[in-house]
1. What helices (runs of 4 or more DSSP H) completely inside the range 197-258 contain at least 2 residues that are in contact (Cβ under 8 Å) with a residue 60 or more places away in the chain and among the aliphatic types (A, V, I, L, M)?
2. Could you figure out which of (1) over 16 Å from Asp93 (Cβ atoms); (2) buried (at least 22 other Cβ atoms within 10 Å of the Cβ) isn't true of Ala39?
3. Restricting attention to the range 1-15, which residues are within 21 Å of Asn89 (Cβ to Cβ) and at pLDDT 95 or above?
4. If Asp45 meets every condition in (1) touching a Leu at 6+ places or on another chain (Cβ under 9 Å); (2) charged (D, E, K, R); (3) closer than 19 Å to Pro202 by Cβ apart from one, which number is that one?
5. Say we look at the range 134-150 and pick out the residues that are among the small types (Gly, Ala, Ser) and over 12 Å from Ala77 (Cβ atoms); which of these is surrounded by the most Cβ atoms within 10 Å (Cβ to Cβ)?
6. Restricting to the range 116-131, count the residues that are within 26 Å of Arg217 (Cβ to Cβ) and touching a residue at least 40 places away in the same chain (Cβ under 8 Å).
7. State which residue is surrounded by the most Cβ atoms within 10 Å (Cβ to Cβ) when the search covers only the range 42-51 and only residues that are out of contact with any helix residue (DSSP H, G or I) (no Cβ under 6 Å at 6 or more places or on another chain) and among the polar types (S, T, N, Q).
8. Scan Gly63, Gly104 and give me the residue that is at pLDDT below 95 and over 12 Å from the mean Cα position of the chain (by Cα).
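The values are calculated or read from the model by the stated rules, or taken from the named source; none is laboratory data. Quick caveat, the model's predicted, so the values are computed rather than measured. So basically every Cβ, Gly included, is an ideal-geometry build from the backbone, and we count neighbours across all protein chains shown.
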Amino acid sequence: MSYQYVRFERVGATGVVTIANPPVNALHPDVAADIERAAQQIAADTTLRSMILTGQGRCFVAGGDIRYFTEIDRQGAADMALRVQRMQNVLFDLRVPVIAAVNGHALGGGLELLLSCDFALAEEQATIGVTEVRLGLIPGAGGTQMLFSALAAGTAKRLLFTGDRLSATEAARLGLVDQVCDRGTAVETALACAARINAAGPLAVEAAKRSANHGLRHSLDEGHRREVEIFSALFETADHREGITAFLERRTPVYERR
């Protein structure tokens, strides 16, 4: 499959998707479409067990495409936001875990994209923030909603209202990113984490993601109910039996995703 705005590479059982829209990887509907297509390619290949999303150059995504903003009206803005939201929902619901390897600035739409991934690793020089109010706008691809799942309400509102930029270290302290790594090592660090994911039972990892995401969208009681359904269904899989047998035999399990 060919792409205009992303590069797709397979590294072992991980699909690495690199956003390549120079100079700052601005998020345009066509960029969103390529990210979505790459994610769907990963979803369809059951030999892939994880995805990494990163950027080319000095930015992860520095925000929306400002030049494109000058060409659209209210309806065009709504269409654009819905298009990006659709792509982000694909990442959120993707069969496999999605790691954001934040190689540089993740601002505006870049932070929204980060929040649609399962977790994020950021290089030390990255800056992160929802900066739309500085342009007389608000986040339009879910930022005013997703930010409250990641942060305390007061902190989320402060960032939304001020447009402040956070250092990678501050973003990690607040919980927006999971780990800070050295400059130039985001993908390497993410691949090491992905390797640990890939070594686990693939059906179990996929089930864990489904259950966790269900809980993020529903009440605690409903989340508990769904967890039991997903947990008990795994007892009918060959992978579960292999995992238990390998544990008892003190050997490395060989999972077949069945």
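1. 202-217
2. Only one criterion in (1) over 16 Å from Asp93 (Cβ atoms); (2) buried (at least 22 other Cβ atoms within 10 Å of the Cβ) is unmet by Ala39, namely (1).
3. Tyr3, Tyr5, Val6, Phe8, Gly15
4. Status for Asp45: all satisfied but (1).
5. If we take residues in the range 134-150 being among the small types (Gly, Ala, Ser) and over 12 Å from Ala77 (Cβ atoms), then Gly143 is surrounded by the most Cβ atoms within 10 Å (Cβ to Cβ).
6. Number satisfying all stated conditions: 7.
7. Step by step, filter the range 42-51, then rank; the result is Thr46.
8. Selected residue: Gly63, the only one of Gly63, Gly104 that is at pLDDT below 95 and over 12 Å from the mean Cα position of the chain (by Cα).
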